[in-house]
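As structure tokens, the structure follows; a few thoughts come after it.
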Amino acid sequence: MTAVAEIMDYDEVLERFDPVLGLEVHVELSTATKMFCGCANEFGAEPNTQVCPVCLGLPGALPVVNGKAVESAIRIGLALNCQVAEWCRFARKNYFYPDQPKNFQTSQYDEPIVFDGHLDVVLDDGETFRVDIERAHMEEDTGKSLHVGGATGRIHGAEHSLLDYNRAGVPLVEIVTKPIVGAGERAPEVARAYVAALRDLLRSLDVSDVRMDQGSLRCDANVSLMPKGTTEFGTRTETKNVNSLRSVERAVRHEMRRHAAVLVAGGEIRQETRHFDESTATTSAGRKKETSEDYRYFPEPDLTPIAPSREWVDELSRTLPELPWERRKRIQDEWKLSDEELRDLVNAGALDLVAATVDAGAPPAEARSWWVAYLSQQANTRGVELTELAITPAQLARVIALVAEGKLTNKLARQVVDGVLDGQGEPDEVVAAQGLEVVSDDSALQAAIDEALAAQPDVADKIRGGKVQAAGAVVGAVMKSTGGKADAKRVRELILAACGQ
């Protein structure tokens, strides 16, 4: 029986125990069709409109393997430094849920398509931690249950449930780590950094849109504790379907604290699945965790084995794109960034945005400054991720170009960016609609300067007497009279010229 106990202080957990992690990441592949049938593989369609006898598991329906999915799985394995199986096959994983129409899942068991790899992940301070990969295997996704009524959105307390089988049969690759030991106090950070690095890798391979918010990338986080000085793994729990990087870190930290409290109180950890609550950063019990024997795996009789030729694997290896860590090193060299500057860009989630802005024609320094400073502030104010801001790299590059052309000041540029963020149109449209373009006509500026000098004769006399720093007051007056639309540098030049300096 599990003793009831509060969670333990994190520092005390680390004094008493060593954490052991195991991360299972499910990746929905972005193939045109499902894993074993010709139904469309698209997110967001009307419920039960992308189904057929095969993915509904109707009698007599026979599956056919999606070749593109096999190719994607091999490319993932190659990028993760895995070995590619010379021969592998599918198996039936038997279990019943309402959203699993066949009552079994077509998966791979002891013969995965790729195995024995690793991924080096960079932590927040630049330290590299190697995560060893046990395997990555192909399978199909289940349907989706929607529990209506109740307070939690889960089946407990719901009035009724609805089933959408559009997702049933969507191609999945499940990437399973070997036990992660030695992370110590940084275990939660390692978990987050690993999923983040894996997401970047998968995006670069263009095998998935890796949208955690839509479920195309999901992490199951296994946690156990070993008392200090021991080597035998403790009983693990599996927190299912964690759907954000922040939540992965918080779920691991919570489970470490919960396990420790239970164990120190004399209780036992129950091997079970857990659900993570975003609002409280806590987990709750799900179901008792089955073992592989409970699933009664046996070879799938309706599918032939897969035997990738060495020539095909070599060809796929040659088609791998520039991988994220290679790209970061190239960008760092090209932009002359320090390790700290590069790390800040990566941690802010801004590297891809800055790179795309540079590709659209902006200088790296200006692009980096906008995304890391002003736009990061705007994202925080608006409560969205940086990537969710309603401005594209191309639009920002245009704003930067307008500043470089002297048509906008930095202050006016921020107003233009705000207009784009608020849905007022393209940068040039915002400039035209709000009349924000810099006043560059010297005659118009001179009129404003003459008026400002006349209003401040004592300041004008100081400038004529050689105290050129006094020109700042006149510049300020001109900027005010032009609504901030004058080029301050040009205004200063004209003021000094007017005063014989």
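The values are calculated or read from the model by the stated rules, or taken from the named source; none is laboratory data. Everything numeric in this text was worked out from a predicted model, so none of it was measured. Because the Cβ atoms are built from the backbone with ideal geometry, glycine has one as well, and the counts that use them run over all protein chains shown. Note: accessible area is taken over every heavy atom of the protein model, side chains too, but ligands, DNA and RNA are not part of it. Shrake-Rupley method; radii C 1.70, N 1.55, O 1.52, S 1.80 Å.
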Number of the exception - LYS144 against (1) open to solvent by less than 60 Å² (accessible area, probe 1.4 Å); (2) closer than 15 Å to LEU56 by Cα; (3) modelled with pLDDT under 95; (4) not β-branched (Val, Ile, Thr): (1)
Is it fair to say THR381 is in contact (Cβ under 8 Å) with a residue 60 or more places away in the chain, open to solvent by 20 Å² or more (accessible area, probe 1.4 Å) and farther than 28 Å from SER204 by Cα? no
Checking the conditions here, which among GLY266, GLY234, GLY229 is touching a His at 6+ places or on another chain (Cβ under 8 Å) and small (Gly, Ala, Ser)? GLY234
Could you check how many residues of segment 430-453 are surrounded by fewer than 20 Cβ atoms within 10 Å (Cβ to Cβ) and at pLDDT 75 or above? 3
Can you list the helices (runs of 4 or more DSSP H) found entirely within segment 339-411 that contain at least 2 residues being acidic (Asp, Glu) and modelled with pLDDT under 90? 339-347
Index of the failed condition, ASP99 passing every other in (1) at pLDDT 95 or above; (2) outside any strand (DSSP E or B); (3) over 30 Å from ARG343 (Cβ atoms); (4) open to solvent by less than 40 Å² (accessible area, probe 1.4 Å): (1)
Candidates SER279, SER292, SER317 - the one that is closer than 26 Å to TYR194 by Cβ, at pLDDT 95 or above and of a type in the set (S, T, N, Q): SER317
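Each row is one residue, and each column tells you yes or no for (1) in a strand (DSSP E or B); (2) touching a residue at least 12 places away in the same chain (Cβ under 8 Å); (3) more than 23 Å from PRO47 (Cβ to Cβ).
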{"position": "ASP116", "(1), (2), (3)": "yes, yes, yes"}
{"position": "VAL121", "(1), (2), (3)": "yes, yes, yes"}
{"position": "ASP124", "(1), (2), (3)": "no, yes, yes"}
{"position": "ILE133", "(1), (2), (3)": "yes, yes, yes"}
{"position": "HIS137", "(1), (2), (3)": "yes, yes, yes"}
{"position": "HIS147", "(1), (2), (3)": "yes, yes, no"}
{"position": "GLY150", "(1), (2), (3)": "no, no, no"}
What pairs can you find where one residue is in segment 15-41 and surrounded by 23 or more Cβ atoms within 10 Å (Cβ to Cβ), the other is hydroxyl-bearing (Ser, Thr, Tyr) and modelled with pLDDT under 95, and their Cβ atoms are less than 9 Å apart, with a gap of 6+ or different chains? VAL27/SER216; GLU28/SER216; LEU29/SER216
List, please: which pairs have Cβ atoms under 7 Å, are six or more places apart or on different chains, and start with a residue in segment 304-320 that is touching a residue at least 24 places away in the same chain (Cβ under 8 Å) and end with one that is loosely packed, with under 13 Cβ neighbours inside 10 Å? PRO305/TRP87; ALA307/GLU86; ALA307/TRP87
Within segment 147-167, the count of residues that are at pLDDT 85 or above, out of contact with any Ser or Thr (no Cβ under 6 Å at 6 or more places or on another chain) and open to solvent by less than 50 Å² (accessible area, probe 1.4 Å) comes to 4
Restricting to segment 283-327, name every residue that is of a type outside the set (Phe, Trp, Tyr), under 22 Å from the mean Cα position of the chain (by Cα) and open to solvent by 50 Å² or more (accessible area, probe 1.4 Å). GLU322, GLU326, ARG327
Is it fair to say VAL173 is touching a helix residue (DSSP H, G or I) at 6+ places or on another chain (Cβ under 8 Å), outside any helix (DSSP H, G or I), of a type in the set (Val, Ile, Thr) and buried (at least 20 other Cβ atoms within 10 Å of the Cβ)? yes
Taking the conditions exactly as written (at pLDDT 75 or above and over 30 Å from GLN395 (Cβ atoms)), does GLN456 satisfy them or not? yes
